[in-house]
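Take a look at the structure below.
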């Protein structure tokens with residue numbers, strides 16, 4: 001069997017290098033644009049590697065983040081024509097506000113005090129926390145009449161209850177204990193829902209209630225609705 005012919009114009013790597021004029025190579029290196037071009041190429045490679053490393057670190061942080069369905073970025077939502085609601089606690093002077101809502105327009109000091117540290121990340125506080133001065137539990141009540149649309153035990157946020165109201169708002173009560181309502185149950189403003197408890201997300205808060213007001217699943221500032 002005949003072997004296929006090799007291309008007649010084939011040139012080896014060594015032959016090609018020998019054919020180059022050493023004087024031309026030196027002249028090329030003497031040109032002013034050569035070294036800046038090499039420097040720019042190296043710089044682009046280094047920046048590209050740094051960007052990749054930073055992106056990989058952010059991906060690791062996201063895997064340790066709380067459920068995005070319950071901890072969302074705070075966004076401004078129009079508050080016109082939305083019905084006011086009541087405090088989610090009974091009239092007890094020993095129960096006070098222990099952490100406020102994160103307001104992007106507040107002072108730096110106020111914003112700093114409304115950050116929650118969890119999984120090595122600082123999260124804007126999407127509600128208002130209430131606690132008793134003596135650290136003991138207290139009754140958590142419905143801030144407005146509505147229907148219970150969620151009752152669950154979350155490993156990070158603790159026991160929680162969510163109520164949907166006719167005015168388009170939903171209220172969420174987290175860090176609970178001894179929940180006394182069930183899914184699809186109708187409640188009236190002032191009904192006892194549970195007792196204040198603890199959770200992992202705000203572990204340093206101890207026994208407390210985390211209260212949120214939402215519309216279209218976006219966190220609103222409860223201070224603008226609570227009487």
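Read the figures in this text as sums done on the coordinates, not as results from a lab. Note that the coordinates shown come from a computational prediction; the quantities given were computed from them, not determined experimentally. FYI the Cβ positions are ideal-geometry reconstructions off the backbone, even for glycines, and counts take in every protein chain you see.
Overview of results
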| read-out | value |
| --- | --- |
| Distance in nm between pseudo-label sites at residue 87 and residue 117 (7 Å out along the Cβ direction from Cα) | 3.0 |
| Stokes-Einstein translational diffusion, segment 165-217 - Kirkwood Rh over all Cα pairs, 1.567 mPa s, 4 °C, in µm²/s | 104 |
| Sorted by Cβ density within 10 Å, fewest first, the residues 210, 165, 125 | 165, 125, 210 |
| Separation of the residue 215 and residue 191 label points, Cα + 7 Å toward Cβ, nm | 2.4 |
| Column: log10 I(q)/I(0), Debye, Cα scatterers of segment 85-227, q = 0.14, 0.22 Å⁻¹ | -0.60, -1.53 |
